[in-house]
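Here is the structure we will look at, set down as structure tokens.
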Amino acid sequence: MKRIGMLTSGGDCQALNAAMRGVVKTLDQSRENVEIYGFLDGYRGLIYSKFQMLTGRDFSGILTKGGTILGTSRTPFKTIQDPDENGLNKVDAMKQNYYKLQLDCLVILGGNGTHKTANLLREEGLNIITLPKTIDNDLWGTDMTFGFQSAVNIATDAIDCIHTTASSHGRVFIVEVMGHKVGWLTLNAGMAGGADIILIPEIPYDIDKVVDKIEERDKRGSRFTIIAVAEGAISKKDAALSKKEYKKKLEKRELSSVSYELAAEIQKKTGREVRVTVPGHMQRGGSPCPYDRVFASRLGAEAGKLILDNQYGFMVGYKNREIVKVPLEDVAGKLKMVEPDASIVQEAKLLGISFGD
């Protein structure tokens, strides 16, 4: 008999259900007796012992379903060792519930912050296996995360739709794409959607270079310009500030995001009509695309195999087109950033795309 705990933590995305299904179907195929304990709403369920006993039937028919059947929540790593409002030690509570249920393993699906806590639990002696979930594709140790391709598809569709109205009215359009710290999603959606300018956190932009690109297109007879902007895009001027200074500036920001600030600056410098579109949480929603269904299923199957082989302490990742196991300690606390000199950036520039630098 194997007793397996499972939880999804952090922001939701497409293919969480597909990944969990992959784990459970693999265990079912082994003919070994398995009990599945699904913890509700992420680490909160593990902390406060909120769970459901699940069977293979609970994972039937969810391959195409977005979101997560277990629910999710954000439990920041920076406060995970702080007592809760009632003085409860959260780490001790998670360990106690793990041992009380006599779990053989805990399968955790999540992104960067989730992996930090997962690695902490590993260090505390729990058997952990993780799966790389995030639309940002920013987890270290894996070339791809599930949810990313589905989000790229949605953000690209948004840019595609903007093209017709932008060209009809001869406007500058800014499409704000998710991504506070890294720009993989904006970069890929921007290229796929034919954006003229792509602004990401890793490459601080110069507003004058952005305006130059717009005016260059005007001179060539282009009626419109489309700019794909990551939530965390930052100007060179702001990038030169200390973290403390930048934080203070954000607290005083009158406009809701960098996209609206950028729109105001462009309008002031060019006199052009500028519009902002924010797809927002649409990028996390809906059914997973076929790529993510297959990819998440593969990751889940490999996680199931690791459990059957009693191999713990790994994230199941994807390197050089192969599913691999990556030691958790190599993953936790590291972000996979877009390097400014990365080949994909250089190739985008060869296509005439400006990064405002």
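The values are calculated or read from the model by the stated rules, or taken from the named source; none is laboratory data. Nothing here was measured: the structure is a model prediction, and the numbers come from that model. Cβ: placed from backbone, ideal geometry, glycine included. Neighbour counts: every protein chain shown. SASA here: full protein model, heavy atoms, side chains in, ligands and nucleic acids out. Shrake-Rupley method; radii C 1.70, N 1.55, O 1.52, S 1.80 Å.
Explain nothing, just the number: dipole magnitude of the range 1-57 about its Cα centre with +1 on each Lys and Arg Cβ and -1 on each Asp and Glu Cβ, in debye rounded to the nearest 20.
120 debye
I'd like the Kirkwood hydrodynamic radius of the range 289-357, using the inverse of the mean 1/r over distinct C-alpha pairs, in Å.
Mean inverse Cα-Cα distance, inverted, gives 14.9 Å.
Quote the FRET efficiency, to the nearest 0.05, computed for residue 270 versus residue 346 with a Förster distance R0 of 30 Å and r equal to the Cβ-Cβ distance.
In this case the efficiency is close to 0.60.
Under a 1.4 Å probe, what is the accessible area of the chain per residue, stated in Å²?
Here the residues of the chain average 45 Å² of exposed surface.
Output the antiparallel fraction of DSSP beta bridges having both residues in the range 1-154, as a percent to the nearest 5.
If I count the DSSP bridges inside the range 1-154, around 20 percent turn out antiparallel.
How far, in nm, would the chain grow between residue 237 and residue 212 when pulled straight, counting 0.36 nm per residue and subtracting the alpha carbon separation?
My answer for the length gained is 7.3 nm.
Quick one: divide the alpha-carbon radius of gyration of the range 103-258 by 2.2 N^0.38 Å and tell me what you get.
1.28
How large is the translational diffusion coefficient of the range 33-92 in µm² per second when you combine the Kirkwood radius over alpha carbon pairs with Stokes-Einstein at 4 °C and 1.567 mPa s?
Rounded, D is 98 µm²/s.
Quick one: if the Förster radius is 51 Å, what FRET efficiency do residue 95 and residue 168 give, using the C-beta to C-beta distance and rounding to 0.05?
0.30
Points 7 angstrom from Cα along the Cβ direction at residue 245 and residue 49: gap in nanometres?
With each label placed 7 Å out from Cα toward Cβ, I get 5.3 nm.
Provide the net charge surrounding residue 14, with neighbours chosen by a C-beta distance below 10 Å and charges set as Lys +1, Arg +1, Asp -1, Glu -1.
+2
With +1 on the Cβ of every Lys and Arg and -1 on the Cβ of every Asp and Glu, and nothing else charged, how large is the dipole of the chain about its Cα centre, in debye rounded to the nearest 20?
Here the size comes out at about 340 debye.
Please report, in whole Å³, the volume per residue of the convex hull around the C-alpha atoms of the chain.
Looking at the chain, the number lands at 137 Å³ per residue.
Loop only by DSSP, 11 or fewer other Cβ within 10 Å of the Cβ. Give me the GluC sites (Glu not before Pro) in the range 264-357 that pass, ordered by residue number.
none
In degrees between 0 and 90, to the nearest 10, how far off the longest principal axis of the chain does helix 16-29 point, with axes built from Cα atoms?
30 degrees
Modelling each spin label as a point 7 Å along the Cα-to-Cβ direction, I'd like the residue 88/residue 310 distance in nm, to one decimal.
The modelled label-to-label distance comes out at 3.3 nm.
Over the chain, with a Gaussian network built from C-alpha contacts below 10 Å, which listed residue (272, 217, 321) shows the highest mean-square fluctuation?
321
Within the accessible area of the chain, what % is carbon and sulfur when the probe is 1.4 Å and the other protein chains stay in place?
48 percent
Could you calculate the contour length gain from residue 1 to residue 357, that is, 0.36 nm times the residue separation minus the distance between their Cα atoms, to one decimal place in nm?
Extra length from residue 1 to residue 357 when fully extended: 122.3 nm.
Between residue 192 and residue 31, 0.36 nm times their residue separation minus their Cα-Cα distance comes to what?
My answer for the length gained is 53.6 nm.
What translational diffusion coefficient, to the nearest whole µm²/s, does the range 77-191 have by Stokes-Einstein, given a Kirkwood radius computed over alpha-carbon pairs, a temperature of 20 °C and 1.002 mPa s viscosity?
Rounded, D is 126 µm²/s.
What residue among 244, 65, 305 shows peak mean-square fluctuation when the chain is described by a Gaussian network model with Cα springs under 10 Å?
244
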